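A short reminder: the numbers here are calculations on the coordinates, not readings from a lab. The structure presented is a predicted model; accordingly, all values stated were derived computationally and were not measured. Heads up, the Cβs are rebuilt from the backbone with ideal geometry, glycines too, and the neighbour counts pull from every protein chain shown.
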Amino acid sequence: MGKIYVLMGKSATGKDTVFKRLIGMKELALHTVVGYTTRPIRRGEANGKEYFFVTEEKWQSLKEENKVIESRTYHTVVGDWHYFTVDDGQIDLNGQDYLFISTLSGFEQLKKYYGDDVVVPLYIEVEDDQRLWRSISRERRQAKPNYDEVCRRFLADQQDFCEEEIARVGVTKRYRNSDLEECVSAVARDIGMAKR
């Protein structure tokens, strides 16, 4: 049976970059799942690549059909944004391993759906000052930067990823992303060992 590796961490810890590097390692043979979101598409994103960008109505419809495996809702300064994984045939655990990016709550929901023996946490962390700088730099590149949302997300992460929650969901190992190469190597090594 395959495994689902879940990359987690506060915003701007480099999860997307680590994710891309791990997916690029052919020896790990990790598959991806395109998640869904109701948030607006960002510059440089493509529908069906980073996410399936759907309406609030589609989100509600998928929930009513019991197709949502896990979901997270962010109460942003411009309204609620939902991020979720759908049982749409993308996941086949018969010999295939997957790599996800999610939150502690998403990780917990995936464990509930697939089981503790299938879902493996990969927690990425970075110093707060570096995360804030990265968030502001990323937002500056948007067509209409929203720094209020950067601040809201930074503060929300402090609560959502508090030490008590990290321990409660069963995260016991962390990967520091102060050096990208070292971080990716450590994560890849642990995935390789878990696949044996």
Taking +1 at the Cβ of each Lys and Arg and -1 at the Cβ of each Asp and Glu, which of V171, W133, L122 sits farthest along the dipole of the chain towards its positive end, judged by Cα position relative to the Cα centre? W133
Which FRET efficiency value, to the nearest 0.05, do you get for E65 and K173 by plugging their Cβ-Cβ distance into 1/(1 + (r/R0)^6) with R0 = 35 Å? 0.45
HN-Hα couplings for segment 36-42 via Karplus (6.51, -1.76, 1.60; θ = phi - 60°), in whole Hz with x for Gly/Pro, come out as 10, 8, 9, 6, x, 5, 9
Given only helices, namely DSSP H runs of n ≥ 4 each adding -39500 (n - 2.57), what is the per-residue ellipticity at 222 nm of the chain, to the nearest 500 deg cm²/dmol? -12000 deg cm²/dmol
Using Cα centres only, tell me the gap between segment 1-45 and segment 112-138 in whole Å. 11 Å
Here the gain from full extension of Q142 to D16, 0.36 nm per residue of separation minus their alpha-carbon distance, amounts to 43.7 nm
Kirkwood hydrodynamic radius of segment 12-119, from inverse mean 1/r over distinct Cα pairs, in Å: 15.0 Å
Give the calculated FRET efficiency between F52 and Y113 to the nearest 0.05, with a Förster radius of 22 Å applied to their Cβ-Cβ distance. 0.70
Of the candidates S105, M8, N47, the farthest towards the positive dipole end of the chain (Lys/Arg Cβ +1, Asp/Glu Cβ -1, centred on the Cα centre) is N47
Rounded to one decimal in nm, the spacing of the 7 Å Cα→Cβ label points at Q158 and M1 is 4.0 nm
In the set [x] 16.8, 55; [y] 16.4, 47; [z] 16.5, 50, which value of Rg and Dmax of the Cα atoms in Å was calculated from the structure you see? [y]
Percent relative contact order for the chain, counting Cα pairs under 8 Å at least six residues apart, stands at 33 percent
Calculate the dipole size of segment 41-196 relative to its Cα centre from +1 charges on Lys and Arg beta carbons and -1 charges on Asp and Glu beta carbons; express the result in debye to the nearest 20. 420 debye
Treating only the Cβ of Lys, Arg, Asp and Glu as charged (+1, +1, -1, -1), what charge dipole size does segment 105-196 show about its Cα centre? Round to the nearest 20 debye. 420 debye
What pairs from K58/K111; K15/K195; K112/K195; K15/K111; K173/K195 go past 23 Å between their alpha carbons? K58/K111
GluC sites (Glu not before Pro) within segment 1-85: DSSP coil, no more than 10 neighbouring Cβ in 10 Å: E65
Separation between the V78 and Q90 pseudo-spin-labels, each 7 Å from Cα along Cα→Cβ, expressed in nm? 2.2 nm
